[in-house]
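Notes follow once the structure below has been shown.
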Amino acid sequence: MTSHPDSQFVPPADYRAVPEWKQLLTKPEFPILEETRNRVHQAMRDRQVNFQDLAPVVERDPALCLNLQLLTVQQNPECRHQISGAANCLSLLGMQELVKLVKRLPVINADTKDPRELAYRTALHNAHLASQIAAWWTTQKGNNSVHYARWATLLLAAPLWSWLLANDQARNFLYFASRRREPWHALQRISDRHLKDWQTLARKLALPPLAEDSWNPAKWPSLQQWHLLRRYDPWDLPDKIGRHLIHTFNQPHLTPLFACTLAWHLHIEPDSARTRRWLTLSTHWLSKPLYVWSGILREAQLLSAEQQGSSFGSGVLHWLQPEPQVLHYPWYEDEVQAAQRKRLQEEEEKRSRSKPAGVIEDTRVHPQPRLTRTAQETPLVAARRQRPAVQPPQALQAEAAHSESPILDRLAVPALINGRPPVRIPAEEKSEEQEPARAEHTSLDALQQRLQHNPASFGDWHQLMQALLHGIRKDLGLPWAAVTLLSRDKQQLRLVYQEGLPEHDPLIKLQVELSVTNLFSKLLEQPASIQITPASRAKLLRNLPDNLQMALPPFCLLMSIHAGSRPIGVVIAGTAGEAPSAQVWNAFRSLCQSGSQGLQNLRQQKSNPRN
């Protein structure tokens, strides 16, 4: 194993040399985990054990599930569309077949040091985590059976497992994944196969139809739709666009795709830009704020770690680190590549020894001479002069497939496969670490001008809200600020955005019922603002719950925000110290008015995109 320090290392051209595709399916048998065999033996000692008792034990090991699926379909070819879990397979095969299968299959030891087996174990653990995530997501989406979604997600990565077992170079999948590549891109980097070929392999491995559809790039959303989902909740879009996006992403085969991709990113680096990107996509896909389901995600990781007996594959290991960590898998090179690298090093040493004695190389940095207008050459012209005049189509396709995509990186692969040109994204949207809500504003006036006249520069209204809160805290000097938004039925107001509140502050869970007339319902009737002081609290906060009255600080500034005539929510800022000055109060109202105007402009741009 050789680790390349250069993160931009380009593997040699022959690193995709693989065995014949047909030989991969000669006799597909997938090794199971050692602990799985022990668990099955322990369960079989109970004379009253039944299929339902054995199913959870079997489903802890995706490899055993795949072997059961293959054996069941081999004996009952018509049942592939009816299998939704290990219990179905066991009911068709019987107990004795399970015992024979477990005895016959090879085993991967828990303490193995073989790099290929370690990569295989990591892939199995990751598949188990993905199945836990997919099961909960399906309960929220309601577009499929929970058992079927878990089963399909468990087996989705089976083509990758077969590749890991067949080819030493396949373990470089982990190398590319740890370089913040999407799993689908990493898979293409370790093989020269079209995604259609992987779909064929999935079909020959008798995967459930739901998993097989997940391998079909023709059934994936387009790049434009991924881009739209990343930026917006479909329910916030205009009716025609939003409904089409909801229908596209409600397809059941996208659940395993989402779960497997997020599971790999959680394993590599839970706090990376890629992980945050997929968490944002999942939040918009579920139409639920991240704080609502992030706890469920953590529970799924803990459950997977407990059942697998390892905190490594599920990403729980990252929680125990004092600082954010990134898993960097090394690059694997075979004997041919090692010999080639050694030969190149020897040639370099010979060239260095062949220099005449006494000649000292000048390593000083000299200023470049200025070129005249006739001799000056732009970088683009220089690049065109240096590259070949004509590139073969294969080289162009390879360059397009491996280039850095500005959005969702390798999710551009299906667009290239289907012959559709990639979408050009403006330069300001290319940075993964771009956070417009945290942009440094030189003054309050600059922020107000941006809110009023250039709200599109924030990207979307989510970022605009965060920028508004950041301006209230930074420019006005208030300790915290928050935005409460109306529910879809307009019967409830809840806190969605906040900045400066402690983690366990009771206002984090603020919810106000609007069925009873109170301060918030009055503010939402029309654009209005009010300042709460200790002298006016009793009168203004009546009809509000006691816990909310206690949670609000002595001095509060409130103002409703509207997009035109449509109420959006209420901005709240407060302090427990001195009363805000008149200047702060006027600046707060002016900033909220600018935010309302920015929301109105964004709404008009959505309804008239051509303008």
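Taking only protein heavy atoms and a 1.4 Å probe, the accessible area of segment 103-193 is 46% carbon and sulfur.
Close amide-amide hydrogen proximity is noted between ILE568 and ILE561, HIS562, ALA563, each under 5 Å apart and 5 or more residues distant or on a separate chain (H modeled in the peptide plane; Pro and chain starts excluded).
Extension gain GLN605-LEU514, at 0.36 nm per residue separation less the Cα-Cα distance, in nm? Walk me through the numbers before you get to the answer.
Working: separation 91, 0.36 × 91 = 32.76 nm, distance 3.01 nm.
Full-extension gain reported as 29.8 nm.
Counting protein heavy atoms only, segment 473-611 has 48 percent of its accessible area on carbon and sulfur, 1.4 angstrom probe.
Relative contact order of segment 464-540: 20 percent, from C-alpha pairs under 8 Å at least 6 residues apart in sequence.
Taking label positions 7 Å along the Cα-Cβ direction at both ASP505 and ASN454, the computed distance is 3.1 nm, reported to one decimal. Subtracting the Cα-Cα distance of LYS474 and VAL107 from their residue separation scaled by 0.36 nm leaves 126.2 nm. Taking label points 7 Å from Cα along the Cα-to-Cβ direction, HIS81 and SER536 give a separation of 6.8 nm. Local charge for GLU34 was computed over the other residues whose Cβ lies under 11 Å away, with Lys and Arg +1 and Asp and Glu -1, and equals -1.
Using the Cβ of ASP489 as centre and a radius below 15 Å, the other residues enclosed give a net charge of +3, where K and R count +1 and D and E count -1. I'd like the FRET efficiency for VAL292 and LYS350, computed as 1/(1 + (r/R0)^6) with the beta carbon distance as r and R0 of 51 Å, rounded to 0.05. Once the sixth-power term is evaluated, E becomes 0.20.
Taking R0 as 60 Å, what's the FRET efficiency between ASP546 and ARG203 from their Cβ-Cβ distance, rounded to 0.05?
On the way: r = 62 Å, r/R0 = 1.03.
Step by step, r from the Cβ atoms, then E = 0.45.
Shown in residue order for segment 86-103 are the 3J(HN,Hα) couplings computed by the Karplus curve 6.51 cos²θ - 1.76 cosθ + 1.60 at θ = phi - 60°: 5, 4, 4, 4, 5, 5, 7, 8, x, 5, 5, 5, 5, 4, 5, 5, 5, 5 Hz (x for Gly and Pro). A straight line joining the Cα centroids of segment 296-350 and segment 184-244 runs 26 Å. Treating r as the C-beta distance of ALA43 and LYS490 and R0 as 51 Å, the FRET efficiency rounds to 0.45. Accessible-area rank, largest first, for GLU269, GLU117, GLU182: GLU117, GLU269, GLU182, with all protein chains present and a 1.4 angstrom probe.
Counting only protein heavy atoms and using a 1.4 Å probe, the accessible area of ASP239 comes to about 100 Å².
Accessible surface of TRP285, taken over heavy atoms with a 1.4 Å probe and every protein chain present, rounds to 10 Å².
Each residue of segment 121-132 was assigned a 3J(HN,Hα) from its phi angle through the Karplus expression (A = 6.51, B = -1.76, C = 1.60, θ = phi - 60°), giving 4, 4, 5, 5, 4, 5, 5, 5, 4, 4, 5, 5 Hz with x at Gly and Pro. Rounded to the nearest whole Hz, the Karplus-based 3J(HN,Hα) values (6.51 cos²θ - 1.76 cosθ + 1.60, θ = phi - 60°) of segment 507-515 follow the sequence 5, 4, 9, 4, 9, 10, 7, 9, 5, with x at glycine and proline. Here the simple spin-label model places points 7 Å from the Cα toward Cβ, and for ASN50 and GLU299 these points are separated by 2.7 nm.
Quote the relative contact order of segment 465-596 in percent (integer), defining contacts as alpha-carbon pairs under 8 Å separated by 6+ residues. Spell out each step's value before the answer.
Numbers: 233 pairs, mean separation 34.7, N = 132.
That works out to 26 percent.
The values are calculated or read from the model by the stated rules, or taken from the named source; none is laboratory data. Here the structure is a predicted model, which is why all the values come from computation and not from measurement. Note that each Cβ is placed from the backbone with ideal geometry, even for glycine, and that neighbours are counted across all protein chains shown. Just the protein is used for accessible areas: all its heavy atoms, side chains included, with ligands, DNA and RNA removed. Shrake-Rupley method; radii C 1.70, N 1.55, O 1.52, S 1.80 Å.
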